[in-house]
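Student: Below you'll find the structure I mean.
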Amino acid sequence: MRGITFVRQFGEVVLAIAIAPLFAGWIAQCRAWMQNRSAPSLVQPYRMLRKLFQKDAALAKNASPLFRTTPYVLFGTMVLAAAIIPSLATDLPFARAADAIALIGLFATARVFVSLAAMDIGTAFGTLGARREMMIGFLAEPALLMVLFNAFLLSGSTALPSLVEFYNAHRFLIDPSLAFAAIAFVMVLLAENARIPIDNPTTHLELTMIHEAMLLEYSARHLALVEWASSLKLFNYACIGFALFIPWGIAAGGRNGSAATLLAIAALMGKLAVAGAALALIESLSAKLRIFRAPEYLATAFLLAVLGLLVHLQIGAR
Amino acid sequence: MNVHFLISGWPGHALPSLLLIIAAWVVIGLAGLLRPHSLRFVAHLLFPLGALGCLCVALLAGTFLVSGHEPEVLVLPLGLPDLPFHTRLDALSGFFLLLLGLAGAGISTFAAGYFRSGEGTAPALLGLQYHVFLASMAVVILADDAYLFMVAWETMALSSYFLVTSQHRIPDIRRAGFLYLIMAHVGAICILLSFGVMQGGSWQFTFDAMRGASLAPVWATTAIVLALLGFGAKAGLVPMHVWLPEAHPAAPSPVSAMMSGLMLKTAIYGMLRISFDLLHVRYWQWGVLMLALGLFSALFGAIFAAVQTDMKRLLAYSSIENVGLIFTGIGLAALFEASNMRLFAALALTAALVHALNHALFKSLLFLATGSVLHATKQRSLGKLGGLIRRMPWVATLALIGTLSIAGLPPLNGFVSEWLLLQSFLFTPQLPHAFINMLVPLGAAALALTAALAAYVMVKFYGVIFLGQPREASLVEAHDANWLERLGLGWLALGCVLIGILPQLALKAAGAVTGKLLSETISPGFSIWLIAPVTPEHASYSALIFLAGITAVIGIAFVLVRILAHGRIRRTAAWDCGYPWQTSRMQDTAEGFGQPIRHIFGTFFRMERHLPSPSDKSPHYRIHIEDKLWRAIYLPIGRGVQRLADVVSVLQGGRLSIYLLYSFLTLLGLLVFVL
């Protein structure tokens, strides 16, 4: 039995690694359609990765070992995060290794490493990007924590599997606080994953870059790993959102037959398709903010989450 | 032997051995005077002996904690007639001695390789001051009456003052030392008054008597506020923090490490001793007060650390932040304890204790690393450093561990205590005070903001010093630390990693303290894999699985990339978007890294900025950032004191006849009073 759970855990992680670029490709496709452009193929991210893996890595002369290890560390943290987040089932062994707060810590580790690597070569854009990335990070983290606080208050647990179990047990519970938290979460998701309105993932203008500016010195397989980690991060955030707000379909409560697993996979695919389209819509409808509007944007997310908290406490107090 | 030993409980002998080690430290310090100018004798023989003493202290304290013995008491035949020194070893003092021993061993080892001849005070004097400082801190922790406590406290303040001003020929350092001395004494007076209040009219100054004294609510609160002022001044709580950013950069690096890593913790110890042990936390308002001060200090320290351009000042502000976090934990614990929620109080107190231990390790590590950088480059300003990871790989690697720890990243130790602290915040909605319930989650948000800002600060610290291109040509000649320094740094880094991946060790030590103070420990049945402070369903964290998972993924990814793709590398010039003439001046500076913070938190600072005009031939950009509290609180007090002194100086005529007249009038007055 233990062996089977480990196999299922492995399967979940491999699935996450495999479809994360697909999710990114789907968003890009939706975005192109909504903006009346001809869309790239759905498998374009995979082609990109294959091309990058084949190329020779060009490395700056003064690059330190930190610079070369960082892509692997990034990839490692994101894969571990995918193992921890209950995207398909709740009774998997890695899920207990970390709760939601530790998950935030894991994302912070990735952020610190990529920022340090960006400063390693000592170019103007790299350090600029690192500074901006860390700024977005420290603004987004409290908002994300407040969102999670909302969920914890409902279920009394910071472990994501317990959260999902709780929602599945109280299927028709709709707490108004969650609506606020969900909006705040989407705002944080956009900021943390370098999407419009905070950052533009497809920009070619170095001065406005945040995330991309840090990757300018990376090439070939290193860049491929970093890009893959980025798409995994987006996938992970989406899965956290599903676990917090729409956990239906995730195999919970010890249901681990093949039917439940297939249902969970189908539900995940459906949710990803809808979420990807919604993200593309949001991105198409909004414009990129100036970098110094970012604090206002994230403060709004924070206040929304706090509002949710107060709503919950008011209702709970009554 | 007329030494009167009074040992209660099981005949453990930890306390006499500890006192012997403390005496040995003083002897080691004095031994240096035999050959006052021999650096080899003092540094290579005496400092390692001192480090050995630290190890023994850690070992003794550790076994005492784990064995769970009853407190040991010993009355020393020293002190005044009828007022002997009382000492006591219990779980709380055991924990702080463990902390002192663990971090002290690393610092002393590093110090053995650090001090150079011809820098300020003679080596033997430095050795004496250093070891007296160490011994007095241990005595503070072991003292069991107000008298011995205050004597040791003052010895600690004075010996550290001399250490801070060891390069006393530089006026700035003398000024920093003076500020430190003033703050230390204002704090000491507050502590003395607090003890005076706590003895409650019985004139018994042993802690035992104070534990039993029944104080009126007003007096108990007065005592706690005085203690908060006094210990806050030593620990660096805002607004009593002003001496830290001045004194830490002035002191030699091992001394900064001792002060920040260890001395601040004696203040934490004192606060815990008074609030939890002697006064038994009676009112939840005390908890709210400590919580508010702690959170504000944490945020304040993090924001100011982010805009510093001197690496040791940056670390000093970061110490203020970390002390704030520790006080946040203590405040939460007091809040829970006063509301009769023992388990959650134990959780919060554990978080505070573990964070104190962690801070002792990683902050010492980073201060010592700045010492190595300072020796290698002669630069303290972040604007003149850079790229040292290539010249000083040992220091850079070990400092990276410290950096990641202090930034609160899993799976290192800083994360463990921050995680515990956030967990304890999650229980605040269960408090019986509706209003506090609503406000406290915001405290959690402030905590998250502080933790994220700390990461920002540490990326700046590490990135500007060790990464990028060297900002000065002279940095190319920088050399790595010597083997004693590496050993000291390595010991502290090992501590960070070990507590990070096996937090059970630190939790067990802290559990011994909460078990005695609150008669509750957080879930004693941790497995080797997992810590779950309340129940595994509620929350769990496993650093080992974390580390194993990441390592496995990295290893598999590396092998797969090599097998399926290739490992070819071409070394070229940096790309930098095709711009070929880049220089090290084009990198972001420490000032640049502070810019978003100055922009977002502008209300915290007083800024004077000088921008060059477009037509300047030799443009200069200058920015001066000042603490608003300095002008709001300290300068008015200084002016007030000056004015008072001016008024009083009218009496000081300078002529003998006038002074005789004063004496005569005083005598007359006394005669009238007597008759």
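The values are calculated or read from the model by the stated rules, or taken from the named source; none is laboratory data. All values derive from a computational prediction rather than experimental measurement. Cβ atoms come from the backbone with ideal geometry, glycine included; neighbour counts cover every protein chain shown.
Student: Specify which of the listed residues (A:59, A:106) is under 30 Å from residue B:393 (Cβ atoms), assigned to a helix (DSSP H, G or I), within 8 Å of another protein chain (Cβ to nearest Cβ) and among the aliphatic types (A, V, I, L, M).
Tutor: Values: A:59 fails: assigned to a helix (DSSP H, G or I).
The conditions single out A:106.
Student: While we're on this one: Test residue A:51 against the criterion of being touching a Ser or Thr at 6+ places or on another chain (Cβ under 8 Å) and basic (Lys, Arg), and give yes or no. Quick ask: steps written out before the conclusion?
Tutor: Numbers: touching a Ser or Thr at 6+ places or on another chain (Cβ under 8 Å): no; basic (Lys, Arg): yes.
In short, no.
Student: Is at least one residue of the range B:82-97 surrounded by fewer than 14 Cβ atoms within 10 Å (Cβ to Cβ) and closer than 28 Å to residue B:360 by Cα?
Tutor: At the first step, the residues of the range B:82-97 found to be surrounded by fewer than 14 Cβ atoms within 10 Å (Cβ to Cβ) are B:82-83.
Next, from what is left, pick out any that are closer than 28 Å to residue B:360 by Cα: none.
No, the conditions are met nowhere in the range B:82-97.
Student: Any residue in the range A:34-55 that is in contact (Cβ under 8 Å) with a residue 24 or more places away in the chain, away from chain B (no Cβ under 14 Å) and more than 18 Å from residue A:225 (Cα to Cα)?
Tutor: For the range A:34-55, residues in contact (Cβ under 8 Å) with a residue 24 or more places away in the chain, away from chain B (no Cβ under 14 Å) and more than 18 Å from residue A:225 (Cα to Cα): present.
Student: What residue, of B:516, B:460, is assigned to a helix (DSSP H, G or I), touching a residue at least 60 places away in the same chain (Cβ under 8 Å), surrounded by fewer than 24 Cβ atoms within 10 Å (Cβ to Cβ) and of a type in the set (Lys, Arg)?
Tutor: Numbers: B:460 fails: surrounded by fewer than 24 Cβ atoms within 10 Å (Cβ to Cβ).
On inspection, the qualifying residue turns out to be B:516.
Student: Please verify whether residue A:71 is more than 8 Å from every other protein chain (Cβ to nearest Cβ), of a type outside the set (Lys, Arg) and outside any helix (DSSP H, G or I), treating the condition exactly as stated.
Tutor: no
Student: If you go through the range B:225-249, how many residues are surrounded by 24 or more Cβ atoms within 10 Å (Cβ to Cβ) and without any contact (Cβ under 8 Å) to a residue 40 or more places away in the chain?
Tutor: 0
Student: Now, a different point. Mind counting the residues in the range B:334-356 that are buried (at least 24 other Cβ atoms within 10 Å of the Cβ) and touching a residue at least 60 places away in the same chain (Cβ under 8 Å)? Write out each step before concluding.
Tutor: Of all residues in the range B:334-356, those buried (at least 24 other Cβ atoms within 10 Å of the Cβ) come to B:334-337, B:344-356.
Subset that is touching a residue at least 60 places away in the same chain (Cβ under 8 Å): B:335-337, B:344-356.
Number of matching residues: 16.
Student: Pairs needed: first member in the range B:548-577, facing another protein chain (nearest Cβ under 7 Å) and closer than 15 Å to residue A:49 by Cα; second member anywhere, surrounded by 17 or more Cβ atoms within 10 Å (Cβ to Cβ) and of a type in the set (Gly, Ala, Ser); C-beta distance under 8 Å; at least 6 residues apart or different chains.
Tutor: If the second residue must be surrounded by 17 or more Cβ atoms within 10 Å (Cβ to Cβ) and of a type in the set (Gly, Ala, Ser), the pairs left are B:557/A:76.
Student: Restricting to the range A:262-312, name every residue that is part of a loop (DSSP other than H, G, I, E, B) and of a type outside the set (A, V, I, L, M).
Tutor: A:286, A:288, A:290
Student: Return the residue satisfying two criteria in turn: it lies in the range A:67-114 and is among the polar types (S, T, N, Q) and at pLDDT below 90, and of such residues it is surrounded by the most Cβ atoms within 10 Å (Cβ to Cβ). Break it down into steps so the answer makes sense when it comes.
Tutor: The first filter runs over the range A:67-114 and keeps only residues among the polar types (S, T, N, Q), leaving A:69-70, A:77, A:87, A:90, A:109.
Pick out the ones that are also at pLDDT below 90 and you get A:87, A:90.
Numbers: A:87: 28, A:90: 24.
Per the criteria, the residue is A:87.
Student: Working only within the range A:113-132, note down all residues that are at the interface with chain B (Cβ under 7 Å from one of its Cβ atoms), under 14 Å from residue B:593 (Cβ atoms) and in a helix (DSSP H, G or I). Explain how you work it out, then say what you get.
Tutor: Here is the first cut: in the range A:113-132, the ones at the interface with chain B (Cβ under 7 Å from one of its Cβ atoms) are A:115-116, A:119-125, A:127-128, A:130-131.
Applying the additional criterion that residues be under 14 Å from residue B:593 (Cβ atoms) yields A:115-116, A:119, A:122, A:124, A:127-128, A:130-131.
Once the filter is applied, which keeps residues that are at the interface with chain B (Cβ under 7 Å from one of its Cβ atoms), under 14 Å from residue B:593 (Cβ atoms) and in a helix (DSSP H, G or I), the range A:113-132 yields A:115, A:116, A:119, A:124, A:127, A:128, A:130, A:131.
Student: Go through (1) at pLDDT below 85; (2) surrounded by 10 or more Cβ atoms within 10 Å (Cβ to Cβ) one by one and return the number of the condition residue B:654 breaks.
Tutor: Result: residue B:654 fails condition (2) only.
Student: Failed condition for residue A:76, given (1) within 29 Å of residue A:6 (Cα to Cα); (2) not in a helix (DSSP H, G or I), with all others met?
Tutor: Failing condition for residue A:76: (2).
Student: Would you be able to tell me the number of residues in the range B:387-421 that are assigned to a loop (DSSP other than H, G, I, E, B), within 7 Å of chain A (Cβ to nearest Cβ) and over 22 Å from the mean Cα position of the chain (by Cα)?
Tutor: Result for the range B:387-421: 1.
Student: Here's something else I'd like to know. Given the residues B:591, B:626, B:608, which is the only one that is within 30 Å of residue B:450 (Cα to Cα), surrounded by 15 or more Cβ atoms within 10 Å (Cβ to Cβ) and of a type in the set (D, E, K, R)? Steps first, answer last, please.
Tutor: Numbers: B:626 fails: surrounded by 15 or more Cβ atoms within 10 Å (Cβ to Cβ); B:608 fails: surrounded by 15 or more Cβ atoms within 10 Å (Cβ to Cβ).
Of the residues listed, the single one that is within 30 Å of residue B:450 (Cα to Cα), surrounded by 15 or more Cβ atoms within 10 Å (Cβ to Cβ) and of a type in the set (D, E, K, R) is B:591.
Student: In addition: Can residue A:145 be described as crowded, with 23+ Cβ neighbours inside 10 Å, within 18 Å of residue A:236 (Cβ to Cβ) and more than 8 Å from chain B (Cβ to nearest Cβ)? Even if it seems obvious, please write down each step before you answer.
Tutor: Working: crowded, with 23+ Cβ neighbours inside 10 Å: yes; within 18 Å of residue A:236 (Cβ to Cβ): yes; more than 8 Å from chain B (Cβ to nearest Cβ): no.
No: the conditions fail for residue A:145.
Student: Yes or no: residue B:165 among the polar types (S, T, N, Q), within 22 Å of residue B:87 (Cα to Cα) and surrounded by 18 or more Cβ atoms within 10 Å (Cβ to Cβ)? Break it down into steps so the answer makes sense when it comes.
Tutor: Working: among the polar types (S, T, N, Q): yes; within 22 Å of residue B:87 (Cα to Cα): no; surrounded by 18 or more Cβ atoms within 10 Å (Cβ to Cβ): yes.
No; evaluated as a whole, the condition is false for this residue.
Student: Kindly establish whether residue B:545 is in contact with a Leu (Cβ under 6 Å, 6 or more places away or on another chain), closer than 30 Å to residue A:117 by Cα, within 11 Å of chain A (Cβ to nearest Cβ) and buried (at least 17 other Cβ atoms within 10 Å of the Cβ).
Tutor: Working: in contact with a Leu (Cβ under 6 Å, 6 or more places away or on another chain): no; closer than 30 Å to residue A:117 by Cα: yes; within 11 Å of chain A (Cβ to nearest Cβ): yes; buried (at least 17 other Cβ atoms within 10 Å of the Cβ): yes.
Spelling it out, it is not the case that residue B:545 is in contact with a Leu (Cβ under 6 Å, 6 or more places away or on another chain), closer than 30 Å to residue A:117 by Cα, within 11 Å of chain A (Cβ to nearest Cβ) and buried (at least 17 other Cβ atoms within 10 Å of the Cβ).
Student: Right, another one. In a helix (DSSP H, G or I) and charged (D, E, K, R) - does that describe any residue in the range B:151-173?
Tutor: yes
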